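These notes concern the structure reproduced below.
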Amino acid sequence: KRLLCCGTRVCANCHRKIQVARASGPLRDRKRKQRCPVCTAELPTDATASFELLQVQAEVGGHAWAENNLAHCYETGGGVPVDVPAALRFYQRAAAQGHMLAQCSLGQAHAHGLLGLRASSTEGVRWYTAAAEQGNAKAMWGLGVMHRDGVAGLQRSQREAIAWIRKGAELGCAEAQSDLGQACMGGHGVTQSFTDALRWTTLAAEQGGRRAMHNVGAQLMHAAQMQYGAIDIPGKSPIPRVLRWARRAAALGELRAAGEVVQLEENIRATCSHCRKQASASKVMAICSKCKAAAYCSKDCQNANWKAGHKKDCVDTAEPLNLIG
């Protein structure tokens, strides 16, 4: 994080403390805290004020970090109307100074024909590589996608694709982790491994990737079917965790997950999870209050199923998800 007034770099935790301090305490203290702790200049109070400070740092100071942030504001409309040519101009200025985030943005724009540019594999690879060489994980993933999909006419290479995607995944890029998980699941360019597929996809899902959340569910179902021959064996059932991930993905707008939630919940309510008795107009199933992924026709069935293994499968929606180990 940067303080926009003087450009001082602060860690994310300190930046958060500054924001919290500005909104807390007695009025006199809050007024004092509206000023930068380094240069004492007044801190911006909204997106427009932040944009104006960025303009000074970029256009007068010529700082690459400010040029990159200013480009992002022009691209997304942060405190200023969207201006694509201006966004491109400031990305180019920052990238020319070696700013890796700007280089990654330029690589993406050239590869996919964004920001008014014509798609170019040469320029896409050039800028992505410049950012990747500085350790930018998203640029590594971008290079992998270009090689995998033949973006902008680039010759496809599964070997190059997996090499770059793996590098990005190992550095924490959620998109790369999700793609590597899918590659491991299908054996595309790597040795097929359901364990590795679940590990990488889960890492992406835990970073908030809704597509990865949906894929985790499919991988859990597949693994249970392959290992046990069924998905509803007490103590071995992935259904509570699958449904939990699907609900989370659906809440983030993943339409496929939303459809799966509806289907799974209908199936759960239709049959007792222990004795397999079918629900009817006169017999409505009681739902497990903890995971909401099992249904019972009686208290006896609920107790029996819990002892048979549901206590191992049941996950509380309030607890953090952890599917690895």
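All but one of (1) at pLDDT below 95; (2) closer than 27 Å to HIS112 by Cα; (3) assigned to a helix (DSSP H, G or I) hold for GLY253; state the number of the condition that does not hold.
(3)
Do we find a residue being in contact with an Asp or Glu (Cβ under 9 Å, 6 or more places away or on another chain), open to solvent by 30 Å² or more (accessible area, probe 1.4 Å), assigned to a helix (DSSP H, G or I) and more than 20 Å from ALA130 (Cα to Cα) anywhere in the range 57-64?
So far as the range 57-64 goes, yes, one or more of its residues are in contact with an Asp or Glu (Cβ under 9 Å, 6 or more places away or on another chain), open to solvent by 30 Å² or more (accessible area, probe 1.4 Å), assigned to a helix (DSSP H, G or I) and more than 20 Å from ALA130 (Cα to Cα).
Residue-wise test of (1) over 22 Å from GLN97 (Cβ atoms); (2) surrounded by 12 or more Cβ atoms within 10 Å (Cβ to Cβ); (3) more than 32 Å from the chain's Cα centre (by Cα); (4) modelled with pLDDT of 80 or more.
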{"position": "GLY7", "(1), (2), (3), (4)": "no, yes, no, yes"}
{"position": "ILE18", "(1), (2), (3), (4)": "yes, yes, no, no"}
{"position": "LEU27", "(1), (2), (3), (4)": "yes, no, yes, no"}
{"position": "THR40", "(1), (2), (3), (4)": "yes, no, yes, no"}
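Give me the pairs, please: first residue somewhere in the range 268-288 and touching a residue at least 24 places away in the same chain (Cβ under 8 Å), second residue anywhere and of a type in the set (Gly, Ala, Ser) and not in a loop (DSSP other than H, G, I, E, B), beta-carbon distance under 6 Å, and either six or more positions apart or on two chains.
Correct list of pairs: ILE268/ALA295; ARG269/ALA295; SER273/ALA295; HIS274/ALA304.
Do we find a residue being among the hydroxyl-bearing types (Ser, Thr, Tyr) and either in contact with a helix residue (DSSP H, G or I) (Cβ under 6 Å, 6 or more places away or on another chain) or free of Cβ contacts under 8 Å to residues at least 12 places away in the same chain (or both) anywhere in the range 218-238?
The answer is yes, given that some residue of the range 218-238 is among the hydroxyl-bearing types (Ser, Thr, Tyr) and either in contact with a helix residue (DSSP H, G or I) (Cβ under 6 Å, 6 or more places away or on another chain) or free of Cβ contacts under 8 Å to residues at least 12 places away in the same chain (or both).
Hey, any hits in the range 224-235 for a residue that's assigned to a helix (DSSP H, G or I), open to solvent by less than 50 Å² (accessible area, probe 1.4 Å) and within 17 Å of THR202 (Cα to Cα)?
Within the range 224-235, one or more residues are assigned to a helix (DSSP H, G or I), open to solvent by less than 50 Å² (accessible area, probe 1.4 Å) and within 17 Å of THR202 (Cα to Cα).
Can you name every residue in the range 65-107 that is small (Gly, Ala, Ser) and either under 24 Å from the mean Cα position of the chain (by Cα) or surrounded by fewer than 20 Cβ atoms within 10 Å (Cβ to Cβ) (or both)?
ALA71, GLY77, GLY78, GLY79, ALA86, ALA96, GLY98, ALA102, SER105, GLY107
Inspect all residues belonging to the range 132-141 and state whether any of them is more than 23 Å from TYR91 (Cα to Cα) and open to solvent by 50 Å² or more (accessible area, probe 1.4 Å).
So far as the range 132-141 goes, no, none of its residues is more than 23 Å from TYR91 (Cα to Cα) and open to solvent by 50 Å² or more (accessible area, probe 1.4 Å).
Which residues, counting only those in the range 263-287, are among the β-branched types (Val, Ile, Thr) and open to solvent by 80 Å² or more (accessible area, probe 1.4 Å)?
VAL284, the sole residue that qualifies.
For the range 155-177, indicate whether the set of residues that are under 20 Å from GLU260 (Cβ atoms), modelled with pLDDT of 95 or more and polar (S, T, N, Q) is non-empty.
Checked against the condition, which is being under 20 Å from GLU260 (Cβ atoms), modelled with pLDDT of 95 or more and polar (S, T, N, Q), the range 155-177 yields no hits at all.
Output the residue which, of all residues in the range 161-178 that are open to solvent by less than 20 Å² (accessible area, probe 1.4 Å) and in a helix (DSSP H, G or I), is nearest to CYS104 (Cα to Cα).
In this case the residue turns out to be GLY168.
The values are calculated or read from the model by the stated rules, or taken from the named source; none is laboratory data. On a predicted model such as this, the values are computed, not experimentally measured, just so you know. Cβ: placed from backbone, ideal geometry, glycine included. Neighbour counts: every protein chain shown. Side chains are part of the model used for accessible areas, which takes the heavy atoms of the whole protein and leaves out ligands, DNA and RNA. Shrake-Rupley method; radii C 1.70, N 1.55, O 1.52, S 1.80 Å.
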